[in-house]
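Okay, structure first, notes after.
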């Protein structure tokens, strides 16, 4: 049997997992691995002659059929991948940022070169999502995705909820445990989830979504009091990546915290687990859940992609349709201000007669119906905490309200998922 | 573009859904449809010249590339499929009973004929399971499956739980709503789930599981009192299809009711939704949930299979490895009596001094540890209801206990899923 030859760029935890797990398959062979430091001690035993510190040794090696890129970041990864494609290699990558920012160029180049780019590991780690959407779900018109795509933020929110702890305290603990990075910005401000939903929406809608059109809001302002109020009202707070598309190709794609009804499966996805809920016709609704990161789950997806190429690589003409990410159209962006949502609003108001009436009448003037309004006692400073859940209303209008509530302090404004 | 020609056997709800949904794809065409009665009025408009009442018109038609079998049952479906394969056609089927009972012969014949048999719709309806296991999860050693694979029984159990109603009452209601058939045996006695887990375990373990070795127990003996006790103890009762395999190729495959801890995702799969939890290495645990039946979800899977063939049908040599169900080994069966499980036991005992001690000592004599034992009040007839949850113990031993509890009435013995 002719073995397919793999070049690996990056031998961190995922790369090591891939190297170890691929050993059992006799139709694939990793022949070269690019690392930063050849002499660094490693947990995986690799023959020294396979190591190089120059990725161009791999992407320019004519004997290599598939380049597996596991280094992350846009540059220099993008240049390695471009060179590899130009040299006729298939690509397997876990690089969500590159896919979100360079996807269009990347897939155009792959098409021109008649090669595939597979990236199951880049979106939702070990959960099978990309391959199912491209193959067994291909007969569907998918029009909605709601997902938990970032393990770090889901860990933090779950812990805040379970322990009644503040964001800052849980972040610190998560950093100590290695669940959050020293600079957590990429996770907690929603960039990571935004990269992933950009590509997932693009492939699901079969219409390109541009990263710069994805609305993004992180979890740093969520208070432990919000967690508590949400629970009392029948919700959990989660960082939700969502995407919807209408018949006119208008795509509303975003990442922000949401109150998720406890009756919804996403409310029960806890700690570092990820989950993707997909709706479409004729399928209806499906939910795919599992580990969103980690050495082994990510390795599972990378290996799945490598084996898919290995089993069919001799027939590139036919391999391509099933595995290609081709988009004839670009989706029209929808501005967040023009969207309709339900909102959770926490207000600290002076305990004066008529404050509830005032909130009610300001909302009515903006055409906003209230689903519930709860005032809990009066504090020592003679203020009251008022929690409002609205019906669906225009984002622009709710923002105006927030500015017009004179004398009141707005503690939180969080969107609410419909039940 | 050369269109792939499809022959459809069966034009019921699923067949109609497939016919309607395939119209939008220009690389496939349904050219002939076998129905029982050509003149029957239908919800879908089909040109009369496409209809035949003889399936052999389809399987013997040399212009047809793919036969889609949606009639169900072993005979005569098996003869149609055999003939179609012998005539060089690829097969797409939703026939779980045929796969469970004739799978070995079927896949051997397909291999000999160099054709594929795809069957995503046969297991868990619209949920993508079979294709992911064969493609993106192919790098894994899957060793455990726990699943809810039958919508009718899950509907009945969910309703019993929600309404505090008896099995008989809910079954009647489910029959009126069309969720259960007039003769519900195939669903409520676990045959349907057993067919599905036979094939799902076979493909996941890459080792053939024989239907006759699948232990099977239905839900007809579950009492509303069991539902209530389970809830109090932190569980929900579900009909679970499970399969595990060890390193020596011993496969324990079964369908029976279980107390599922509320912390487990399967406890929250309600009404007609299905769900498949898969464990393996390197993936860890994933859970795939969605509609397990119905016109549209099932059509989604059938169409996914048809499109997979349509996109690659010119290259059968290469199509086969990825889509083939090939097993070099047959799994060794494990007898239910030799398995270790936790148990829920409901006992009605005479309210005599020392009855709890008696139960405890009988259990101890069989090496069975108790996890909890609860006695609730005393009834008018001077009996007490005692609920026991055991630690893991040998099935053979728990059965012996049940026989040795003299003077006690055993209301229920149900296995308990580990948390």
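Relative to the longest principal axis of the C-alpha atoms of chain A, give the angle of the C-alpha long axis of helix A:13-22, reported between 0 and 90° and rounded to the nearest 10°.
50 degrees
Contact order normalised by length for chain B, with contacts defined as Cα pairs under 8 Å and 6 or more residues apart; what percent is it?
Details: 876 pairs, mean separation 67.8, N = 419.
Relative contact order for chain B comes out at 16 percent.
Regarding the protein assembly as shown, what's the average projected area of the Cα-atom convex hull, expressed in nm²?
On the way: hull surface 161.6 nm².
Directional mean of the projected Cα hull area for the protein assembly as shown stands at 40.4 nm².
Mind computing the radius of gyration and Dmax over the alpha-carbon atoms of segment B:12-169? Å is fine for both.
Gyration radius and largest Cα-Cα distance of segment B:12-169: 18.5, 57 Å.
Based on the mean of other beta carbon atoms within 10 Å per residue, what is the order of A:23-35, A:269-281, B:291-303, most packed first? Present the calculation step by step, with values, prior to reporting the outcome.
Numbers: A:23-35: 17.5, A:269-281: 21.8, B:291-303: 25.8.
Highest to lowest by the protection proxy: B:291-303, A:269-281, A:23-35.
Hey, what number do you get for chain B at 222 nm if only DSSP H runs of n ≥ 4 count, each worth -39500 (n - 2.57), divided across all residues, to the nearest 500?
Here the helix-only value at 222 nm equals -10500 deg cm²/dmol.
Using only the alpha-carbon atoms of segment B:50-125, report the extent along each of the three principal axes, biggest first, to the nearest angstrom.
Dimensions of segment B:50-125 along the principal axes of its Cα atoms: 30, 26, 19 Å.
If packing is taken as the mean number of other Cβ atoms within 10 Å per residue, what is the order of B:165-174, B:385-394, highest first?
Values: B:165-174: 17.1, B:385-394: 18.8.
Descending mean neighbour count gives B:385-394, B:165-174.
Using a Gaussian network model of chain B with C-alpha springs under 10 Å, which one of B:89, B:40, B:108 is most mobile by mean-square fluctuation?
Among B:89, B:40, B:108, the largest mean-square fluctuation in the Gaussian network model of chain B belongs to B:40.
How much space per residue, in cubic angstrom, does the convex hull of the C-alpha atoms of segment B:169-251 take up? It would help to have the intermediate numbers written out before the result.
Details: hull volume 10.4 nm³, N = 83.
Looking at segment B:169-251, the number lands at 125 Å³ per residue.
Gaussian network model of chain A, Cα springs within a sub-10 Å range: biggest mean-square fluctuation belongs to which of A:260, A:378, A:214?
A:378
How tilted is helix B:167-177 with respect to the longest principal axis of chain B? Cα atoms for both, answer in degrees (0 to 90, nearest 10).
Helix B:167-177 sits roughly 20 degrees off the main axis of chain B.
What number, in percent, do you get for the relative contact order of segment B:336-416 if the mean sequence gap of Cα pairs under 8 Å and at least 6 apart is divided by its residue count? Provide the component values of the computation, followed by the final result.
Working: 146 pairs, mean separation 40.8, N = 81.
Dividing the mean separation by the residue count of segment B:336-416 yields 50 percent.
For chain B, set up a Gaussian network in which alpha carbons nearer than 10 Å are linked by springs, and say which option among B:229, B:42, B:216 fluctuates the most.
B:42
For segment B:336-416, what does the convex hull of the Cα positions come to per residue, in cubic angstrom?
On the way: hull volume 6.3 nm³, N = 81.
Output value, Cα hull per residue: 78 Å³.
Any chance you could check the Cα centroid distance between segment A:218-252 and segment A:386-419 for me, in angstrom?
Using only Cα atoms, the two centres lie 13 Å from each other.
Would you order A:417, A:131 from fewest to most other beta-carbon atoms within 10 Å of each residue's own beta-carbon? If you can, show how the numbers build up before the last one.
Working: A:417 19, A:131 24.
So the residues, fewest neighbours to most, are A:417, A:131.
Based only on other Cβ atoms within 10 Å, what is the fewest-to-most ordering of A:38, A:353?
Taking fewest neighbouring Cβ atoms as first place, the list is A:353, A:38.
Per-residue mean of other chain beta-carbon atoms within 10 angstrom of the beta-carbon, peptide A:117-127? Before the final figure, lay out the partial values.
Values: counts 0, 1, 0, 4, 1, 0, 0, 1, 3, 9, 6.
The shielding value for this peptide is 2.
Using only alpha carbon pairs under 8 Å that are at least six residues apart, calculate the relative contact order of segment B:182-296 and give it in whole percent. Don't jump to the answer; show the numbers that get you there.
Details: 159 pairs, mean separation 23.3, N = 115.
Answer for segment B:182-296 is 20 percent.
Using only Cα atoms, locate the centre of segment A:1-74 and the centre of segment A:347-381, then give the distance between them in Å, rounded to an integer.
After rounding, the separation between the Cα centres reads 61 Å.
When the C-alpha atoms of segment B:170-316 are aligned to their principal axes, what extent does each axis show, in angstrom, from largest down?
Result, largest extent first: 58, 42, 30 Å.
Using a 10 Å cut-off on Cβ to Cβ distances, tally the other chain neighbours for every residue of A:265-277 and report the average as a whole number. Before the final figure, lay out each step's value.
Numbers: counts 7, 0, 1, 5, 2, 1, 0, 0, 5, 1, 3, 0, 2.
Average neighbour count from other chains, rounded to a whole number: 2.
Consider just the alpha-carbon atoms of segment B:136-211 and return their Rg together with their Dmax, both in angstrom.
Just the Cα atoms of segment B:136-211 yield Rg and Dmax of 15.7, 47 Å.
DSSP beta bridges in the protein assembly as shown, what fraction antiparallel, as a percent rounded to 5? Write down the numbers at each step before the final one.
Working: 107 of 157 bridges.
Percentage antiparallel, nearest 5: 70.
Work out the mean other chain Cβ neighbour count within 10 Å for the residues of B:247-259 and drop it here as an integer.
Details: counts 0, 0, 0, 0, 0, 0, 0, 0, 0, 0, 0, 0, 0.
Per residue, the number of nearby Cβ atoms from other chains is 0 on average.
With viscosity set to 0.692 mPa s and temperature to 37 °C, compute the Stokes-Einstein D of chain B, Rh being the Kirkwood radius across alpha carbon pairs; µm²/s, no decimals.
Numbers: Rh = 23.0 Å.
D = 143 µm²/s.
Relative to the longest principal axis of the C-alpha atoms of chain B, give the angle of the C-alpha long axis of helix B:395-404, reported between 0 and 90° and rounded to the nearest 10°.
Relative to chain B, helix B:395-404 is tipped by roughly 40 degrees.
Among A:115-124, A:358-367, what's the highest-first ranking by average C-beta atoms within 10 angstrom per residue? Intermediate results must be reported in sequence, preceding the final value.
Details: A:115-124: 27.2, A:358-367: 15.0.
Final packing ranking: A:115-124, A:358-367.
Bear in mind these aren't lab numbers, they're just calculated from the coordinates by the rules spelled out. On a predicted model such as this, the values are computed, not experimentally measured, just so you know. Note that each Cβ is placed from the backbone with ideal geometry, even for glycine, and that neighbours are counted across all protein chains shown.
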